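A.B. asks: One structure is given below, represented as structure tokens, and several questions about it will come after.
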Amino acid sequence: MARTKLYKLIIAVLVIINVGMLIFFLMRRPPHMPPKPGDLIERLGIEGSNRELIEKLAKEHHAEKRKLMDDGRELHDELFSKIGEDEDVTNIQERIEANFAETERMTFEFFNDVSKLCTPEQVVELKKTIHHAFRQMRKPPGR
């Protein structure tokens, strides 16, 4: 009889823990991802020929950015492969900085070009969207 009560108590505690875990995970919001190019067009309400222009700009922007990001990964691989070697890595670091600066420049230019195709109201929404996306990117994972 005492064992039965012990088992029932253990089962009750485990059920409570499981329910608590379910509630915890269901209440947490998943991290917000930055909008996709199509989402941006929809969010801003872009229509007509401007929609096609922005889609074209986005495609070009993402191709260029993908190349810069690949270059950045290669540069970082090259830099960290030099750990433990007595070699000057200043040149690699400068190339990493230049790559990062180019990524920032072309990202700014993309959004600036998009803003030129927007109404004043859409520019306000674009700025809010960009601000929100960058704020989300700065947050540590899981927050």
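A.B. asks: Using DSSP H assignments, which helices in the chain have an axial alpha-carbon span of 30 Å or above and a mean Kyte-Doolittle hydropathy of -0.5 or higher? Could you put the intermediate results ahead of the total?
C.D. replies: Working: long enough: 2-27 (37 Å, 1.88); 49-80 (46 Å, -1.35); 90-116 (39 Å, -0.77).
Result, helices passing both filters: 2-27.
A.B. asks: Continuing with the same structure: Of 71, 86, 39, which is the most mobile in a GNM of the chain whose springs link Cα atoms less than 10 angstrom apart?
C.D. replies: 86
A.B. asks: Separate question: Straight-line reach from residue 67: which aspartates and glutamates fall under 16 Å, measuring Cα to Cα and dropping same-chain residues less than 8 apart?
C.D. replies: Output for residue 67: 77, 97, 102, 104.
A.B. asks: I've got another one for you. Highest first, please rank the peptides 73-85, 41-53, 5-17 by the mean number of other Cβ atoms sitting within 10 Å of their residues. Don't jump to the answer; show the numbers that get you there.
C.D. replies: Details: 73-85: 11.5, 41-53: 14.5, 5-17: 9.9.
Ranked from most to least packed, the peptides come out as 41-53, 73-85, 5-17.
A.B. asks: Could you work out [θ]222 nm for the chain from helices alone, using -39500 (n - 2.57) per DSSP H run of at least four and dividing by all its residues? Round to the nearest 500 deg cm²/dmol. If you can, show how the numbers build up before the last one.
C.D. replies: Numbers: 5 runs with 112 residues, N = 143.
After summing the helix terms and dividing by residue count, I get -27500 deg cm²/dmol.
A.B. asks: Normalised by the residues of the chain, what does the relative contact order come to in percent, with Cα pairs under 8 Å and at least six apart? Please list the in-between numbers first.
C.D. replies: Working: 56 pairs, mean separation 52.3, N = 143.
Reported as a whole number, the value is 37 percent.
Since every read-out is calculated from the coordinates, none of them should be taken as a lab result. Keep in mind the model is a prediction, meaning the values are calculated, not measured. Glycine also receives a Cβ, built like all others from the backbone with ideal geometry; neighbour counts cover every protein chain displayed.
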